[in-house]
Amino acid sequence: MPVHEIRHPLIRHKLGLMRRADISTKNFRELAQELGALLTYEATQDLPLEETSIEGWCGKVPVERIAGKKITVVPILRAGIGMLDGVLSLIPSAKVSVIGLARNEETLEAQTYLEKLVPEIDRRLAMIVDPMLATGGSLIATIDLLKQAGCKEIRALVLVAAPEGIRAVEAAHPDVRIYTAAIDERLDAHGYIVPGLGDAGDKIFGTR
Ligand code: URA
């Protein structure tokens with residue numbers, strides 16, 4: 001099952017705060033970053049380690065370090081920016097690849113308007129960040145694009161996922177693991193997640 005709903009108490013609590021209709025831009029923004037960091041912690045639990053040694057205060061000390069693939073974080077514009085610093089707070093050396101997608105409000109389909117990928121992306125673990133997995137259109141389009149660029153290992157971090165979106169991503173890309181703070185009830189007629197968070201981009205950027 002490629003979907004991991006993280007039921008950690010801190011995540012449940014912070015997501016509950018984000019659902020308040022009267023939340024301020026400042027609080028919503030801070031919580032999105034904090035949840036980005038907490039989801040990153042969960043999504044990196046299985047990264048392989050290798051043994052090495054360092055010069056410690058009393059001589060050589062065996063230590064471990066993360067081995068293998070380097071990471072690129074892939075925020076989907078614009079709402080993905082709202083989680084980016086949280087992810088980078090735990091993986092500060094990760095390179096950032098930016099994808100710009102706009103949702104056509106009539107067809108609800110994703111259209112790419114920006115694609116700025118880091119070098120050697122085919123040798124990196126890609127961690128996509130986008131707060132809302134609604135229809136799945138943006139996530140599927142981003143995964144398509146990353147796979148075309150040669151990415152072999154892709155994970156997605158989302159704050160809230162709709163069952164419809166999860167099913168669509170699973171059908172198109174069963175190899176991609178999704179980490180989410182909550183799986184909500186459904187999509188409404190406009191493609192918004194219920195109960196969801198409302199328009200996450202507007203709330204992060206204060207444009208509502
Ligand atoms: N995008 C959002 O910001 N919110 C939703 O509920 C769905 C898509």
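Here's the yes/no breakdown for (1) in contact with a strand residue (DSSP E or B) (Cβ under 8 Å, 6 or more places away or on another chain); (2) of a type in the set (Asp, Glu):
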| position | (1), (2) |
| --- | --- |
| Ala37 | no, no |
| Tyr41 | no, no |
| Gly56 | no, no |
| Glu64 | yes, yes |
| Gly80 | yes, no |
| Val87 | yes, no |
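Name the pairs whose Cβ atoms lie under 9 Å apart, with the first residue in segment 179-193 and within 20 Å of Ile154 (Cα to Cα) and part of a loop (DSSP other than H, G, I, E, B), the second near the ligand (Cβ under 9 Å from one of its atoms) and of a type in the set (Val, Ile, Thr), and 6 or more positions between them or separate chains?
Here the result reads none, with nothing in segment 179-193 linked to a residue that is near the ligand (Cβ under 9 Å from one of its atoms) and of a type in the set (Val, Ile, Thr).
Within segment 154-170, is there a residue that is crowded, with 17+ Cβ neighbours inside 10 Å, within 12 Å of the ligand (Cβ to nearest atom) and in a helix (DSSP H, G or I)?
yes
Would you tally the residues in segment 20-58 being crowded, with 16+ Cβ neighbours inside 10 Å and assigned to a loop (DSSP other than H, G, I, E, B)?
2
Consider Gln148 carefully, then state whether it is more than 16 Å from the ligand (Cβ to nearest atom), farther than 26 Å from Arg20 by Cα and among the polar types (S, T, N, Q).
Yes, satisfied.
Against the definition (crowded, with 18+ Cβ neighbours inside 10 Å, at pLDDT below 95 and out of contact with any helix residue (DSSP H, G or I) (no Cβ under 6 Å at 6 or more places or on another chain)), how does Gly137 come out, yes or no?
yes
Limited to segment 194-208, what total is found for residues that are without any contact (Cβ under 8 Å) to a residue 40 or more places away in the chain and either β-branched (Val, Ile, Thr) or surrounded by 12 or more Cβ atoms within 10 Å (Cβ to Cβ) (or both)?
Matching residues across segment 194-208 total 4.
Of the residues Ile166, Ile121, only one is over 25 Å from Gly68 (Cβ atoms), at pLDDT 95 or above and among the aliphatic types (A, V, I, L, M); which?
Ile166
Just need a number here: residues in segment 115-131 that are within 16 Å of the ligand (Cβ to nearest atom) and among the charged types (D, E, K, R).
Selection size over segment 115-131: 1.
Has segment 92-101 got any residue that is more than 16 Å from the ligand (Cβ to nearest atom), surrounded by 11 or more Cβ atoms within 10 Å (Cβ to Cβ), of a type in the set (S, T, N, Q) and part of a loop (DSSP other than H, G, I, E, B)?
So far as segment 92-101 goes, yes, one or more of its residues are more than 16 Å from the ligand (Cβ to nearest atom), surrounded by 11 or more Cβ atoms within 10 Å (Cβ to Cβ), of a type in the set (S, T, N, Q) and part of a loop (DSSP other than H, G, I, E, B).
State all residues of segment 197-208 that are more than 16 Å from the chain's Cα centre (by Cα) and within 12 Å of the ligand (Cβ to nearest atom); if no residue qualifies, say none. Steps first, answer last, please.
Going through segment 197-208, the residues more than 16 Å from the chain's Cα centre (by Cα) turn out to be 198-199, 202-203, 205-208.
Result: Gly198, Asp199, Asp202, Lys203, Phe205, Thr207, Arg208.
For segment 164-187, which residues satisfy the criterion of being closer than 22 Å to Leu17 by Cα and of a type outside the set (A, V, I, L, M, F, W, C)?
Tyr179, Thr180, Asp184, Glu185, Arg186
Has segment 173-193 got any residue that is hydroxyl-bearing (Ser, Thr, Tyr) and near the ligand (Cβ under 8 Å from one of its atoms)?
So the first thing to find is which residues in segment 173-193 are hydroxyl-bearing (Ser, Thr, Tyr), and the list is 179-180, 192.
The next check asks that each one be near the ligand (Cβ under 8 Å from one of its atoms); those that pass are 192.
Within segment 173-193, one or more residues are hydroxyl-bearing (Ser, Thr, Tyr) and near the ligand (Cβ under 8 Å from one of its atoms).
The values are calculated or read from the model by the stated rules, or taken from the named source; none is laboratory data. Fair warning: this is a prediction, and the values are worked out from it, not measured in the lab. Virtual Cβ from ideal backbone geometry, glycine too; neighbours counted across all protein chains shown.
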